[in-house]
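Remarks on the structure that follows.
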Amino acid sequence: MNKLNVLILGSGGREHAIAWKIHQSPILNKLYVAPGNSGTLKRGENLDVNIHNYDAIKNCILTQNINLLIIGPEDPLVNGLHDQLEDDKDIHNLIIIGPKKSAAQLEGSKSFAKKFMLKNNIPTADFKSFNITNLNEAKIYLEESSPPFVIKADGLAAGKGVFICETLEKATNVVEDIVVNKKFGAAGEKIVIESFLDGIELSVFVLTNGTDYKILPTAKDYKRIGENDTGLNTGGMGAISPVPFVDEVFMEKIKTKIIEPTLIGLKKENIEYTGFIFFGLIKVKNEPFVIEYNVRLGDPETQAIIPRIKSDLLSFLASINDKQTFKNMELNIEDTAATTVILTSGGYPEKYKKGYPIRGLENITNSIAFHAGLKLEKHKYLTNGGRVVAITTVDKNIPTAIKKTYTNIEKISFQDMYFRKDIGNDLI
Ligand code: AMP
Ligand code: GLY
């Protein structure tokens, strides 16, 4: 196999973790990350490219002779970057990791995803979709349901479009806010109201070419800002891999009831898929249900699952369009556990300040610091976002990985630094 030039789009901790792994590949020639961050700098070359600017991406693919493109975040996928590149006559033989627009609707439209699951008999919460033309029906549907009420804006809302309301009054206000007051703009033209599922959540990731799939390590994400899962939702405050309650029997249910029906459903609708599918699941009375689909890897789950993959990930990505080779490859996962804890800027997920120097990153041992909202300026690392850095430890089991992660965090400091101290406690 010829060595490959790889471009990763994105700038978060997820992209640093992907770059960290790809950098180790024996089949890598050159790695580029656009726009990247201070962590990806050490694994490849950062390119100052706006990931929403098609011409800039195209130019970079042509000038750097890119063979393989990994699209990190969801927006470019939902907006059709894959389709645009494939239709472009100047671009040849580019392997694109990330689905086309039609498949990206699984994440880009909650009502599309729900209808897809209903058609394909994939377990998920009961639901109905509404818009401005049938708002009264939405109110009647709420009145006939029982709390808690789950209301979701249809489109991409950066994780902020889901509301769980305890009272009918609150639920009705949320519906008005989204559909009438356009709180999320076009992303809220439609809403989904669904029944509440009471259980424990987990994230399952596959890499697929639409026919065959490889299961990556499982992970549990900690979404709320406060300890014991309280307070506002965030992009994710930490992750644990593997999820201890996923045994062989439960994984078999996930495969046969969720992963395989999803791939069969896509085929039935002639929707091609190359890339990662992230199944946001919930375990209710020993049965898996889908809460949501994402068409990319999770952040911070990626920072916990990638270091546990023993196989060369780039070889899998490079073979994705070669059906026979991909099918025969075996993805090996280390028999270890990983803990990721996110250090955030005080105030996140609401208002926070940036530009503070971070100290102590150079002192951590036996853990990896995956940079997220961090930049390098005049040889100094400065905070540059809400989620600043992810500290990941891979160890023999979850308790030891947790202990080592927190020991390393004690060595790191920046003004108003905040992190959850209970990541993984519920799993021990
Ligand atoms: P989503 O963006 O659809 O993943 O929803 C965000 C979060 O809201 C999920 O991670 C769950 O914690 C919660 N959630 C969403 N839908 C439901 C549901 N039907 N029942 C219970 N919790 C839900
Ligand atoms: N950690 C959840 C997500 O990436 O959407």
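Read the figures in this text as sums done on the coordinates, not as results from a lab. Quantities reported herein were computed from a predicted structural model and do not represent experimental measurements. Here the Cβ positions follow ideal geometry from the backbone for every residue, glycine too, while neighbour counts run over all protein chains shown.
Observations on the structure shown:
- Multiplying the residue separation of K421 and N53 by 0.36 nm and removing their Cα-Cα distance gives an extension gain of 128.6 nm.
- For segment 278-393, the number of Lys pairs separated by eight or more positions or lying on different chains, with C-alpha atoms closer than 20 Å, is 8.
- Within segment 276-308: backbone nitrogen closer than 17 Å to the D75 label point (7 Å, Cα to C-beta): 295-297, 299
- Since only A219, S203, F370 are under comparison, the one whose Cα sits farthest along the positive direction of the charge dipole of the chain, derived from C-beta charges on Lys, Arg, Asp and Glu, is F370.
- Exceedance of the 19 Å cut-off in Cα-Cα distance is limited, within the set K114/K268; K101/K268; K100/K268; K220/K403; K3/K58; K110/K190, to K3/K58.
- Placing unit charges on the Cβ atoms only, positive for Lys and Arg and negative for Asp and Glu, gives segment 1-144 a dipole magnitude near 440 debye about its Cα centre.
- Over segment 199-257, relative contact order from alpha-carbon pairs under 8 Å, at least 6 apart, %: 25
- Which of H92, H371 has the fewest Cβ neighbours within 10 Å, and the rest in rising order: H92, H371
- Helix-only mean residue ellipticity at 222 nm for the chain, each DSSP H run of n ≥ 4 adding -39500 (n - 2.57), per residue, nearest 500: -7500 deg cm²/dmol
- Summing Cβ point charges (Lys, Arg +1; Asp, Glu -1) relative to the Cα centre of segment 90-226 gives a dipole of roughly 360 debye.
- Exposure proxy ranking, count of Cβ atoms within 10 Å, fewest first, for F116, F196: F196, F116
- Mean separation of Cα contacts under 8 Å (6+ apart) over length of segment 260-375, as relative contact order %: 16
- Look at T344, T274 and count the other Cβ atoms within 10 Å of each Cβ; fewest to most, that gives T274, T344.
- Taking 7 Å steps out from each Cα toward its Cβ at E377 and N65 produces label points 3.7 nm apart.
- Assuming charge only on the beta carbon of Lys and Arg (+1) and of Asp and Glu (-1), the dipole of the chain about its Cα centre is about 860 debye to the nearest 20.
- A Förster radius of 25 Å combined with the Cβ-Cβ distance from K268 to N328 puts the calculated FRET efficiency at roughly 0.45.
- Antiparallel content of DSSP bridges confined to the chain, in %, to 5: 80
- The slack in the chain from I428 to I140, taken as 0.36 nm per residue of separation less the alpha-carbon distance, amounts to 99.4 nm.
- Those residues of segment 46-81 whose amide nitrogen sits under 12 Å from the label point placed on N93, 7 Å along Cα→Cβ: 66-68
- Our summary gives the chain a relative contact order of 17 percent, counting only alpha carbon pairs under 8 angstrom and 6 or more residues apart.
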